[in-house]
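As structure tokens, the structure follows; a few thoughts come after it.
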Amino acid sequence: MAFRTTSHNGIPIHHANHLIAARRSFYWGHNTVILFDHWPGNNPAMYALAIIFVFCLAFLVELLIGFEFTKPGPTKVGFCLLNTGVYMMRAALSYMVMLAVVSYNGGIFLAAVGGHA
């Protein structure tokens with residue numbers, strides 16, 4: 001028995017002896033995987049929570065872009081370190097939103113766009 005290294009549409013997928021089908025276009029169902037294995041799964045309530053979570057992540061990214069924590073003063077090192085920390089948090093949250101959108105779920109995409117808007 002040979003292990004296949006491509007999905008039914010030709011995309012190579014490897015995941016711990018399981019073949020995972022990858023999507024190439026948006027779909028609108030609630031049975032999906034976003035950010036973590038088995039989440040939100042097949043539960044519509046968890047899917048709604050995932051949409052709210054992605055919306056809040058995108059909103060937080062935009063909030064961090066426009067929010068000024070302190071003004072530069074005599075302690076420029078502390079100001080630079082604080083700005084660096086905020087930038088790192090914003091970058092990490094942005095990547096999480098991007099990874100959620102890569103699930104190709106239409107609801108998650110709209111939640112990310114809505115949060116950024």
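The values are calculated or read from the model by the stated rules, or taken from the named source; none is laboratory data. This one's a predicted model, so the numbers in the text were calculated from it and none came from an experiment. Glycine also receives a Cβ, built like all others from the backbone with ideal geometry; neighbour counts cover every protein chain displayed. Side chains included, ligands, DNA and RNA excluded: accessible areas come from the protein's heavy atoms. Shrake-Rupley method; radii C 1.70, N 1.55, O 1.52, S 1.80 Å.
Some observations on this one:
- Failed condition for Val77, given (1) farther than 30 Å from Phe26 by Cβ; (2) among the β-branched types (Val, Ile, Thr); (3) open to solvent by less than 90 Å² (accessible area, probe 1.4 Å); (4) without any contact (Cβ under 8 Å) to a residue 12 or more places away in the chain: (3)
- Residues that are in a helix (DSSP H, G or I) and surrounded by 15 or more Cβ atoms within 10 Å (Cβ to Cβ) within the stretch 97-109 comprise Val97, Ala100, Val101, Gly107, Ile108, Phe109, listed in sequence order.
- Test for Ser103: is it within 29 Å of Pro44 (Cα to Cα) and at pLDDT below 90: yes
- Pick from the stretch 80-93, criterion open to solvent by 70 Å² or more (accessible area, probe 1.4 Å) and closer than 30 Å to Gly107 by Cα, ranking: modelled with the lowest pLDDT: Tyr87
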